[in-house]
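> Below you will find the structure I want to go over with you.
The values are calculated or read from the model by the stated rules, or taken from the named source; none is laboratory data. Being a predicted model, the structure only gives us computed values, none of them experimental. Quick reminder, even Gly has a Cβ in these numbers, built from the backbone with ideal geometry, and neighbours come from all protein chains shown. For accessibility, only protein heavy atoms count, side chains too; no ligands or nucleic acids. Shrake-Rupley method; radii C 1.70, N 1.55, O 1.52, S 1.80 Å.
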Amino acid sequence: MPDSTTATVPGLAELAAVRRSGLIESRHFGNLVALGPDGTTLLALGDPDAVVLPRSTVKPLQALACLTAGAPLAGPELAIAAGSHTGEDEHVRVVRGILAAAGVDESALGCPVDRPEDEGTFERLVREGQPRTRIRMNCSGKHAAMLLAAAANGWPTDGYLDPTHPVQVHVRETMAAVTGVPVGHDAVDGCGAPLFGTTVRGVARAFGRLVLAAEGTPERAVADAMRAHPFYVGGTGHQNSTLMEAVPGALAKGGAEGVIGVAAADGTAVAMKVVDGSPRATTLIALRVLEALGTDISGASTLVDLPVLGGGVPVGRIELGGDLAAALERVA
């Protein structure tokens, strides 16, 4: 159980704590909201209507914008457009296919050169003397989809990352429509793409809408592609992929700086922003909230049992923060 002397941060809620050898070593504060399938607020902690930068959590919405702009994406290609892949060879193959459909090659990608996040792939490439490349960067699927959307409309592929480019204008409009929140701040993401501020409530609302969208709609196509092909949303051992494999019908996408959105098969959705930027507890928090609201997460034990190691053996664990634990007790 959390310590009775829970630390407080004005305007924020303690969402998780890290206990090492019986002592709370770190605490994670932030904003969180859970919405029912009908959009009603089931749980709200901190300020879920504060403007946040959602980072890669909104890649499903960027993929939706590419799809509705006319990019012919489906299956693994649509899933990787909505994902943050780990740079494995199969990911590269699929991204190259999207680029070929757009009539461009890897040099058209505007994302930075990077190493693959998959350790085995990275180590192999180092042994082979292979350099870092744009296509191995985790956002290359999104960038390829944007290039394809531009090509499908006869728009220039050069400058596709400019906020005034038709692709980005459409992304902005799509985000506002699906989240139900006007764009609150314009920024640049780590991959170089325009990043439009929203709220955690907006993220939760959007994820619920994707899951509950009618069959045959672009929104449902994005959700179904991600759930049918979770490997392309993340990769081997990636938490987003593992969650969607372990919890039937769930939709999950995390982003940098402690942001995540998860929706259960029934449309119950949770989203959060951890203000210290750490993502280490976000999946645990989201799953425990959904569990308290009735979702079966029994297949996801490896994602909610997070040991703290000392000398390679467990000496503690990551647990729910005092504010969240108390809120979930009230929900139950």
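> Looking only at residues in region 163-177 that are outside any helix (DSSP H, G or I) and either in contact (Cβ under 8 Å) with a residue 40 or more places away in the chain or open to solvent by 60 Å² or more (accessible area, probe 1.4 Å) (or both), which one is farthest from Thr40 (Cα to Cα)?
Thr164
> Across region 16-73, which residue is least open to solvent (accessible area, probe 1.4 Å) among those that are among the charged types (D, E, K, R) and part of a strand (DSSP E or B)?
Arg19
> Here's something else I'd like to know. If I go through region 79-117 residue by residue, how many of them are open to solvent by less than 30 Å² (accessible area, probe 1.4 Å) and either more than 15 Å from Lys142 (Cβ to Cβ) or among the β-branched types (Val, Ile, Thr) (or both)?
8
> Looking at Gly180, Gly192, Gly197 in this structure, which one is touching a residue at least 24 places away in the same chain (Cβ under 8 Å) and buried (at least 17 other Cβ atoms within 10 Å of the Cβ)?
Gly197
> Given the options Glu215, Glu257, name the one that is under 24 Å from Pro48 (Cα atoms), surrounded by fewer than 23 Cβ atoms within 10 Å (Cβ to Cβ) and modelled with pLDDT of 95 or more.
Exactly one of Glu215, Glu257 is under 24 Å from Pro48 (Cα atoms), surrounded by fewer than 23 Cβ atoms within 10 Å (Cβ to Cβ) and modelled with pLDDT of 95 or more, namely Glu257.
> Only residues that are assigned to a helix (DSSP H, G or I) and crowded, with 17+ Cβ neighbours inside 10 Å: list them for region 123-138, please.
Answer for region 123-138, where residues must be assigned to a helix (DSSP H, G or I) and crowded, with 17+ Cβ neighbours inside 10 Å: just Leu125.
> Starting from region 149-162, take each residue that is over 21 Å from Leu61 (Cβ atoms) and modelled with pLDDT under 95 and list its partners that are open to solvent by 40 Å² or more (accessible area, probe 1.4 Å) and assigned to a loop (DSSP other than H, G, I, E, B), counting only C-beta distances under 8 angstrom and pairs at least six apart or across chains.
none
> Right, something else. Assess whether Gly110 counts as being closer than 17 Å to Gly192 by Cβ, in contact (Cβ under 8 Å) with a residue 40 or more places away in the chain and not in a helix (DSSP H, G or I).
For Gly110, the condition - closer than 17 Å to Gly192 by Cβ, in contact (Cβ under 8 Å) with a residue 40 or more places away in the chain and not in a helix (DSSP H, G or I) - is met.
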